[in-house]
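Data first, discussion second: the structure below is written as structure tokens.
The values are calculated or read from the model by the stated rules, or taken from the named source; none is laboratory data. All figures in this text were calculated on a predicted structure; none of them were measured in a lab. Cβ: placed from backbone, ideal geometry, glycine included. Neighbour counts: every protein chain shown.
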Amino acid sequence: MSRLKVAVVGAGTMGTVHSEAYREMADVDLVGILDIRPEAAQRLAARRETAAYTTLNALIQAAQPDVVDVCVPTYLHRQVVEAAAVAGCHVICEKPIARTLADAEAMIRVCQAAGVKLYIAHVVRFFPEYRRAHDLVCDGAVGRVGVVRAMRGGAFPVGWEDWYANVAKCGTVIVDSMIHDFDFLRWCFGEVDRVYAKSQLGRDMVQSDHAFVSLRFQNGVIAHVEGTWAYPSGFYTELEMAGAKGLIEFRSQDAIAVHTQIRQSERAHAGVQVPESPLVKSPYQLELEHFLECIRRDVQPLVTAEDACKALEISLAALASARAGKPVRLAQTPNTTASVQERLTRGNQDD
Ligand SMILES: NC(=O)c1ccc[n+]([C@@H]2O[C@H](COP(=O)([O-])OP(=O)(O)OC[C@H]3O[C@@H](n4cnc5c(N)ncnc54)[C@H](O)[C@@H]3O)[C@@H](O)[C@H]2O)c1
């Protein structure tokens with residue numbers, strides 16, 4: 001199975017990004033774009049020189065994809081993922097895996113029962129700067145890490161039917177955006193013990209959201225994660241990891257020579273600001289190529305659906321903490337990232 005037939009469901013911001021990546025891959029046939037809005041499906045399909053569909057049944061019957069890539073709003077992931085899996089297609093799905101843990105767990109069960117793979121697109125693990133920071137930490141380069149600060153933010157996202165402004169559909173900046181950092185930090189430091197969060201709680205129609213989340217990991221690391229959808233425009237990330245022997249720092253703004261922020265009307269720039277990449281291959285392409293390679297070789301991906309469930313659990317705990325105004329403890333699961341623990345222990349011994 002060297003060539004793979006891939007179809008993209010959802011012709012919004014991420015469907016555009018993913019379909020562009022597939023067009024760059026020599027061993028992939030982009031066999032269709034599906035959107036319930038015919039004009040959106042046709043517009044993107046024409047740009048990518050492929051066929052447009054408005055129902056999954058029609059897409060699967062006509063195009064017979066090996067892989068369905070789900071880029072619909074988060075609260076709709078379950079219905080599309082399950083339908084694609086039952087039809088026998090491997091599934092790639094944007095993060096967060098789902099809006100609720102019940103949906104996420106059901107999606108994993110249905111894919112397992114159907115004998116197909118499920119990959120959740122936690123793309124931060126594929127950003128070279130974040131991957132380098134992960135590897136440095138795990139190799140003990142800065143010794144035992146004590147405190148971490150992460151920031152991620154930009155303008156308020158605009159989506160189909162304004163679903164980002166609806167807490168029940170999107171889960172605020174905490175579930176939609178900060179989940180990237182929660183997954184990345186869990187990859188570095190293992191399981192989270194408890195979280196404490198303050199946020200605007202994404203009040204509907206305000207078109208502004210901001211949150212601070214403190215996480216305490218089982219291994220003692222403390223992280224402070226800030227997420228914002230209150231900037232006039234743009235998209236920025238920052239990372240600082242302080243260890244006994246040194247500091248790892250990254251600011252996405254440092255890569256830009258001139259900064260301009262001009263407030264645009266919400267409708268003038270429909271979509272979500274995704275990070276720009278000066279790399280030959282964007283992190284999105286690296287991520288999607290990795291998932292397709294895992295299908296071809298039948299190997300474990302860098303990020304599993306279970307990892308995505310854990311990231312959602314942390315996000316939902318933070319949301320619950322912001323609502324309750326007190327810390328929330330996560331269900332105590334043993335640290336599964338044994339290699340990370342082993343390496344951190346090695347870092348400790350070096351101190
Ligand atoms: N990894 C990242 O960096 C990143 C960035 C932005 C968004 N996301 C995630 O990607 C997903 C999609 O977000 P978006 O910003 O592209 O949304 P969007 O609103 O821009 O696009 C969603 C599209 O899905 C279509 N749609 C709705 N229901 C459908 C259905 N049942 N079948 C087919 N099409 C349907 C809509 O018409 C719309 O075109 C979300 O889960 C979001 O959290 C990830």
Could you check how many residues of the stretch 114-132 are in contact with a helix residue (DSSP H, G or I) (Cβ under 8 Å, 6 or more places away or on another chain) and under 29 Å from Val86 (Cβ atoms)? 11
Of the residues in the stretch 45-88, those that are closer than 14 Å to Ile108 by Cα, in contact (Cβ under 8 Å) with a residue 12 or more places away in the chain and not small (Gly, Ala, Ser) come to His77, Arg78, Val80, Val81, Glu82, Val86
Of the residues in the stretch 7-21 that are touching a Ser or Thr at 6+ places or on another chain (Cβ under 9 Å) and not in a loop (DSSP other than H, G, I, E, B), the one that is nearest to the ligand (Cβ to nearest atom) is Val17
Subset of the stretch 105-124 (residues that are in contact (Cβ under 8 Å) with a residue 60 or more places away in the chain, within 26 Å of Gln285 (Cα to Cα) and in a helix (DSSP H, G or I)): Met107, Ile108, Cys111, Val123, Val124
Conditions: (1) at pLDDT 95 or above; (2) touching a Phe, Trp or Tyr at 6+ places or on another chain (Cβ under 9 Å); (3) of a type outside the set (Gly, Ala, Ser). Ile248 meets all but one. Number of the miss? (2)
Can you tell me which residue among Glu240, Glu276 is acidic (Asp, Glu), modelled with pLDDT of 95 or more and either within 16 Å of the ligand (Cβ to nearest atom) or under 18 Å from Ala133 (Cα atoms) (or both)? Glu240
Can you tell me which of (1) within 19 Å of Ile120 (Cα to Cα); (2) out of contact with any strand residue (DSSP E or B) (no Cβ under 6 Å at 6 or more places or on another chain) is the one Thr54 doesn't meet? (1)
Those residues that are touching a residue at least 12 places away in the same chain (Cβ under 8 Å) and part of a loop (DSSP other than H, G, I, E, B), I need them from the stretch 305-328; list them, please. Lys326, Pro327
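This table checks each residue for (1) acidic (Asp, Glu); (2) surrounded by fewer than 20 Cβ atoms within 10 Å (Cβ to Cβ); (3) touching a residue at least 24 places away in the same chain (Cβ under 8 Å).
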site	(1), (2), (3)
Phe126	no, no, yes
Glu129	yes, yes, yes
Leu136	no, yes, yes
Val142	no, yes, yes
Ala150	no, no, yes
Pro157	no, no, yes
Trp160	no, yes, yes
Cys170	no, no, yes
Listing of strands (runs of 3 or more DSSP E) fully contained in the stretch 135-237 that carry 1 or more residues being within 15 Å of the ligand (Cβ to nearest atom) and in contact with a Ser or Thr (Cβ under 9 Å, 6 or more places away or on another chain): 145-154, 222-228
Looking for something surrounded by fewer than 23 Cβ atoms within 10 Å (Cβ to Cβ) and either under 23 Å from Gly325 (Cα atoms) or assigned by TED's automatic domain parsing to the domain that holds His90 (or both) - is there at least one such residue anywhere in the stretch 172-182? no
Under the condition of being farther than 15 Å from Arg323 by Cβ and either polar (S, T, N, Q) or not assigned by TED's automatic domain parsing to the domain that holds Lys326 (or both), which residue from the stretch 189-241 is surrounded by the fewest Cβ atoms within 10 Å (Cβ to Cβ)? Ser233
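Return yes when Leu4 is of a type outside the set (Asp, Glu), surrounded by fewer than 23 Cβ atoms within 10 Å (Cβ to Cβ) and touching a residue at least 60 places away in the same chain (Cβ under 8 Å) and no when it is not.
Yes; evaluated as a whole, the condition is true for this residue.
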